[in-house]
Each structure stands twice: as structure tokens, then as C-alpha cells.
Amino acid sequence: MVNSFFMKEYVIDVAKIEELQTLNDKDELANIFYRANSTIVNGEKVILVRKNKNGRSEKFDEMSTQEDLEQFRKRVLKYLH
């Protein structure tokens, strides 16, 4: 029997990112970006979601390259001290 490891999309709730920015939690943000990068390196996409007024998560963007992820990371960390 062969064990197969399949990556799947990594979903980031931007409300969580915004909360971590407010808390200046650079460690947790670093963890999120590490997992997102691993997902992209393994050929999967990173999906950005935001909850709508009904509380359901809706996709509004996706990233499939490390360059796109790095641009997003820089925007997130831009104002942290």
C-alpha cells in the first residue's frame, strides 16, 4: 500500500488577518504565511475569504504564486511595528 499525501487549498479569513494586525501578532501572521507558502510550493492555491452579512465565507481572491503571496504579506505587515 502506498500512502499518498495530497495538499489542498489553504484558506485565509481576512478578518483573522485584520484581527492579528490589530493585536500586532507577528508570530501568528508568520505562521499563516509559512503555511500559505508551503501550500503554494506544493502546487495548490491560497484562497482569501471574507464572511458575508449572513456569516458565510465567500472567496474574493486567490493566490497561486509565491510572488503574489509575498505582495500580500508585505501589504499585511506594512504598518506593523
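The values are calculated or read from the model by the stated rules, or taken from the named source; none is laboratory data. The shown structure was predicted, so the numbers you read here are calculated from the model rather than taken from an experiment. Neighbour counts run over all protein chains shown; Cβ positions are idealised from the backbone, glycine included. The accessibility values were calculated without ligands, DNA or RNA, using every heavy atom of the protein model including side chains. Shrake-Rupley method; radii C 1.70, N 1.55, O 1.52, S 1.80 Å.
Scanning region 31-80 for residues that are assigned to a loop (DSSP other than H, G, I, E, B) and either free of Cβ contacts under 8 Å to residues at least 24 places away in the same chain or touching a helix residue (DSSP H, G or I) at 6+ places or on another chain (Cβ under 7 Å) (or both) returns Asn52, Lys53, Asn54, Gly55, Arg56, Ser64, Thr65, Lys78, Leu80. Considering region 39-50, and only residues there that are surrounded by 13 or more Cβ atoms within 10 Å (Cβ to Cβ) and of a type outside the set (Val, Ile, Thr), the residue that is nearest to Arg73 (Cα to Cα) turns out to be Leu48. Under the condition of being open to solvent by less than 50 Å² (accessible area, probe 1.4 Å) and within 10 Å of the chain's Cα centre (by Cα), the residues counted in region 51-81 number 3. Within region 17-64, being more than 24 Å from Leu80 (Cα to Cα), of a type in the set (Gly, Ala, Ser) and in contact with a strand residue (DSSP E or B) (Cβ under 8 Å, 6 or more places away or on another chain) holds for Ser57, Ser64. With respect to being modelled with pLDDT of 95 or more, assigned to a strand (DSSP E or B) and surrounded by 13 or more Cβ atoms within 10 Å (Cβ to Cβ), Val11 fits the description.
The residues on offer are Met1, Met63, and the sole one that is at pLDDT below 95 and among the hydrophobic types (A, V, I, L, M, F, W, C) is Met1. Reported count of residues in region 37-73, each being under 15 Å from Ile17 (Cα atoms) and of a type in the set (S, T, N, Q), is 2.
Identify all residues within region 14-30 that are open to solvent by 20 Å² or more (accessible area, probe 1.4 Å) and in a helix (DSSP H, G or I); write none if there are none. So that I can check it myself, show each step before the final result.
Step one: filter region 14-30 for residues open to solvent by 20 Å² or more (accessible area, probe 1.4 Å), giving 15-16, 18-19, 21-28, 30.
Residues satisfying the conditions are Ala15, Lys16, Glu18, Glu19, Gln21, Thr22, Leu23, Lys26, Asp27, Glu28, Ala30.
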